[in-house]
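> Pasting in a structure now, in structure tokens, and then I'll have a few things to ask.
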Amino acid sequence: MVLEYQVQCMKKIFTLAMAALSLCGCLSSGVRPRQYLLDARAVTPAQPLPLVTMGRSAFPSGDIRLPRYLDSSTPMMRVGKSQTREVDESARWASPLPDMMREVLAINLASLAAKNAEPTACVDQIWFSRFAPEGNKVLRVEGIARLSLTKGGNSNLDFHFEQAWDGKTIESLIAAYNQALEHLALLLAQSASTTSASR
């Protein structure tokens, strides 16, 4: 009887302590996190481009590698050669950034090709050396993409370009990410077209 009473008291104390900790956590954070997704920007070109897919049987997902400072649940920006900071402390990625980039690129690439087109090439891997805002209203995008051609052989695409954003709002940055992935899809499809034509 005494033991049962002590257990009930301990449970009540534990419940009150957890409630107090939760309340402290809510008060200390102050700002509720907002989640963001990247969106595909399907665009129909004047002339359909070759169909490029993300991945194949050996690389079913099309591997995307990002710099370590972007391996975060929060959108980050560079503020120096080796310094980074959060763009917005309340912003969070709704999914891992590489997964969202892969999905958006796949949709963008499909939108550039004619309907029912046969794949000309597939993206095996993309290594990004830069894919982040750098504090000067510029989203700098640099890296290398490795493509496998359907007719045989491989091709590498070195890419580097800039995408403007307002340097202030997270919404503007997300839009710049979407526009950058749209432009990268166009570069990948054009590269596959040029390489395939030369073989």
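> Given the conditions (1) under 26 Å from residue 55 (Cα atoms); (2) surrounded by 14 or more Cβ atoms within 10 Å (Cβ to Cβ), which single one is not true for residue 161?
Tallying (1) under 26 Å from residue 55 (Cα atoms); (2) surrounded by 14 or more Cβ atoms within 10 Å (Cβ to Cβ), residue 161 fails exactly one: (2).
> Return only the number of the condition from (1) surrounded by fewer than 16 Cβ atoms within 10 Å (Cβ to Cβ); (2) without any contact (Cβ under 8 Å) to a residue 40 or more places away in the chain that residue 153 does not satisfy.
Every condition holds for residue 153 apart from (2).
> I've got another one for you. Examine the stretch 36-43 for a residue that is assigned to a helix (DSSP H, G or I), on the phi < 0 side of the Ramachandran plot and modelled with pLDDT of 55 or more, and state whether such a residue exists.
no
> Which fully enclosed strands (runs of 3 or more DSSP E) of the stretch 84-199 have 3 or more residues being over 14 Å from the mean Cα position of the chain (by Cα)?
Values: elements: 84-86, 91-93, 119-133, 138-149, 154-164.
Correct list: 84-86, 119-133, 138-149, 154-164.
> Still on this structure, I have one more. Quick check on my filter: what residues within the stretch 46-62 are closer than 29 Å to residue 94 by Cβ and either in contact with a Ser or Thr (Cβ under 8 Å, 6 or more places away or on another chain) or at pLDDT 65 or above (or both)?
51, 52, 53, 54, 55, 56, 62
> Hey, another quick one. Quick check: is even one residue across the stretch 106-123 under 22 Å from residue 67 (Cα atoms) and polar (S, T, N, Q)? Steps first, answer last, please.
Let us first name the residues in the stretch 106-123 that are under 22 Å from residue 67 (Cα atoms), namely 106, 123.
Filter once more, so that each one left must be polar (S, T, N, Q): none.
No, because not a single residue in the stretch 106-123 is under 22 Å from residue 67 (Cα atoms) and polar (S, T, N, Q).
> Within the stretch 93-111, how many residues are polar (S, T, N, Q) and buried (at least 21 other Cβ atoms within 10 Å of the Cβ)?
Just the residues of the stretch 93-111 that are polar (S, T, N, Q), to begin with: 95, 108, 111.
When the remaining residues are screened for being buried (at least 21 other Cβ atoms within 10 Å of the Cβ), the result is 108.
Summing the residues that are polar (S, T, N, Q) and buried (at least 21 other Cβ atoms within 10 Å of the Cβ) in the stretch 93-111 gives 1.
> Take residue 148 and decide whether it is hydroxyl-bearing (Ser, Thr, Tyr), touching a residue at least 24 places away in the same chain (Cβ under 8 Å) and more than 21 Å from residue 45 (Cβ to Cβ).
On the way: hydroxyl-bearing (Ser, Thr, Tyr): yes; touching a residue at least 24 places away in the same chain (Cβ under 8 Å): yes; more than 21 Å from residue 45 (Cβ to Cβ): yes.
So residue 148 fits the description; yes.
> Still on this structure, I have one more. When the stretch 112-129 is examined, which residues are found to be over 16 Å from residue 155 (Cβ atoms) and surrounded by fewer than 18 Cβ atoms within 10 Å (Cβ to Cβ)?
Here is the first cut: in the stretch 112-129, the ones over 16 Å from residue 155 (Cβ atoms) are 112-118, 128-129.
Across the stretch 112-129, the qualifying residues are 114, 115, 116, 117, 118, 129.
The values are calculated or read from the model by the stated rules, or taken from the named source; none is laboratory data. Source: prediction; values computed, not measured. Positions of Cβ are generated from backbone atoms using ideal geometry, with glycine treated the same way; all protein chains shown enter the neighbour counts.
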